[in-house]
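Only one structure is covered here, and it is reproduced in the block below.
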Amino acid sequence: MQSGFHFSRQELKVRAASRTPRKTTIPSFFGEGSMATQTDPVRYGFPRPTAPEISKRLKSHAYQSPSNLVRVGVIGYGYWGPNVVRNLHSLENCQLVTICDKNSDSLRRASRAYPGVELTIDYSELLTSTQIDAIAVITPVWTHFELAKAALQNGKHVFVEKPFTSTPQQAEELIELADRNRLKIMVDHTFLFSGAVRKIRELVDDGTLGDLYYFDSTSCGIWLRMICRLWITLSRRNRKRSWQRAEGI
């Protein structure tokens, strides 16, 4: 004995014809309309826009961007440049426009990683581009001052890899130039926003540590961390042996 409901093909057609069409809101991409008059364009054959109309709307959506979008050009894609580019590319309100490097091999690597980004060997193209708001300078330190100064003179905000400049006088000149032109300039200090560094700054500012005359910090890389673990392990073993010897006395 079969269970369930079974309808003939003719009965299914009759039921489908008598069913009230599902009322849905058509996305603005397909055209404006009210819920009372429009139905699902796929299921019920609603007239869809032509190919030119779709293309036009796609372009209009593609160029819509948040008001706080920052368009960035990067100068330097050598050792550290790929790290900065990767982070800029991942930011929601940042658009990576152009990567510049004098080395053709570096540009080939950038092309494989970011096929939609413009590439050039001429940094002046970034400085004069109206499609770029900020310049990231990721080059050797002796080039920082001239590149950052040129970017500020062309109305671009500047992000500079550390160290900032070769001399304090160059740094002061760039800061004054940025202030005069009402532009932002920032140095890429690696741990600037890390929790530990922010806490140290808090302790210094509120006077918890007293008057500081000298401060030194060591970055524990992967090899140093391994050495530290080894030293801690050996120290614990030595303490355990000493305790065992003390118990035996």
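Here are a few things to note about the model shown:
- Of the residues examined, residue 149 is not one that is within 26 Å of residue 82 (Cα to Cα), in the same structural domain as residue 74 (by TED's automatic domain parsing) and under 20 Å from the mean Cα position of the chain (by Cα).
- Residue 142 falls short on exactly one of the conditions (1) out of contact with any Ser or Thr (no Cβ under 8 Å at 6 or more places or on another chain); (2) surrounded by fewer than 11 Cβ atoms within 10 Å (Cβ to Cβ), and that condition is (1).
- Flag if residue 178 is part of a helix (DSSP H, G or I) and within 22 Å of the chain's Cα centre (by Cα): no
- First in segment 132-153 and assigned to a helix (DSSP H, G or I), second anywhere and of a type in the set (Lys, Arg), Cβ under 9 Å, 6 or more apart: 141/162; 150/156; 152/180
- Segment 58-97, residues that are more than 27 Å from residue 142 (Cα to Cα) and either among the small types (Gly, Ala, Ser) or modelled with pLDDT of 95 or more (or both): 60, 62, 65, 67, 90
- Filtered by the rule that a residue be among the hydrophobic types (A, V, I, L, M, F, W, C), closer than 28 Å to residue 80 by Cα and part of a helix (DSSP H, G or I), segment 181-213 gives 196, 197, 200.
- Taken over segment 76-106, the criterion of being hydrophobic (A, V, I, L, M, F, W, C), surrounded by fewer than 17 Cβ atoms within 10 Å (Cβ to Cβ) and under 23 Å from residue 150 (Cα atoms) is satisfied by 80 alone.
The values are calculated or read from the model by the stated rules, or taken from the named source; none is laboratory data. None of the values given here were measured: they were computed from a predicted structure. Quick reminder, even Gly has a Cβ in these numbers, built from the backbone with ideal geometry, and neighbours come from all protein chains shown.
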